[in-house]
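The next block holds one structure in the form of structure tokens; read it before the comments.
The values are calculated or read from the model by the stated rules, or taken from the named source; none is laboratory data. Here the structure is a predicted model, which means the values were calculated and not measured. Glycine gets a Cβ as well: all are built from the backbone with ideal geometry, and neighbour counts include every protein chain shown. We work out accessible area using only protein heavy atoms, side chains counted, and drop any ligands, DNA or RNA first. Shrake-Rupley method; radii C 1.70, N 1.55, O 1.52, S 1.80 Å.
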Amino acid sequence: MELDEADEMVSQMEIEIQGIPQSIRSEYHTRLRIAKADLARFKKLLKEQRAQIARSDLLSTSQAFTTSDDPYGSNSDRARLLAGTKQLEDGTKRLQESQRIALETENQGVDILMNLRTQREQIENARNTLHTADSSIDRASNTLKKMIRTMYKQRVVTAGIIVILLLLISLIVWSKMT
């Protein structure tokens, strides 16, 4: 039955609304409340119509054998049936509108999920790049420390050679003078 399907769609819409951002959630929440109220009204109307038809069937056994040329019975019955049909058509249109809104909401949810997935991938790529850069900086820092140590060692060795050369030169000069 279409009302059961509409009830299921409204339930799905309730679930979908939970995943919508707060900024647009209130608009769809209002639409959902209106759709729920319409659905409840149509369910009640359908129940009343069924009860009325059942009552009229029970009470109108004498009208079943009417001699009138009107195949629909009296004009008031026909008018009530037409009014009921009109209300059911209006209800169907509103349910179709609710279904359309639910599909729009679902499409927006899919778009939001795809955007979130893309953003998550970007964050993961940035994190990986940052980790790679951090490890490169650590390696460069260690290399610089080694180069600084080597430079100090070379300065000490150079200073030692200069001191030894100065001692040798002064020793040679002293030995030639004496």
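Residues that are open to solvent by less than 60 Å² (accessible area, probe 1.4 Å), of a type in the set (D, E, K, R) and closer than 11 Å to Thr105 by Cα within segment 15-42 comprise just one, Arg25.
Which of the residues that make up segment 22-59 are among the acidic types (Asp, Glu) and closer than 15 Å to Leu88 by Cα? Passing the criteria: Asp38, Glu48.
Residues checked against (1) modelled with pLDDT of 90 or more; (2) of a type outside the set (A, V, I, L, M); (3) open to solvent by less than 90 Å² (accessible area, probe 1.4 Å):
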{"position": "Gln96", "(1), (2), (3)": "yes, yes, no"}
{"position": "Arg117", "(1), (2), (3)": "yes, yes, no"}
{"position": "Ile123", "(1), (2), (3)": "yes, no, no"}
{"position": "Ile137", "(1), (2), (3)": "yes, no, no"}
{"position": "Met151", "(1), (2), (3)": "yes, no, yes"}
{"position": "Gln154", "(1), (2), (3)": "yes, yes, no"}
{"position": "Ala159", "(1), (2), (3)": "yes, no, yes"}
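Within segment 42-64, one or more residues are at pLDDT 85 or above and farther than 20 Å from Asp4 by Cβ.
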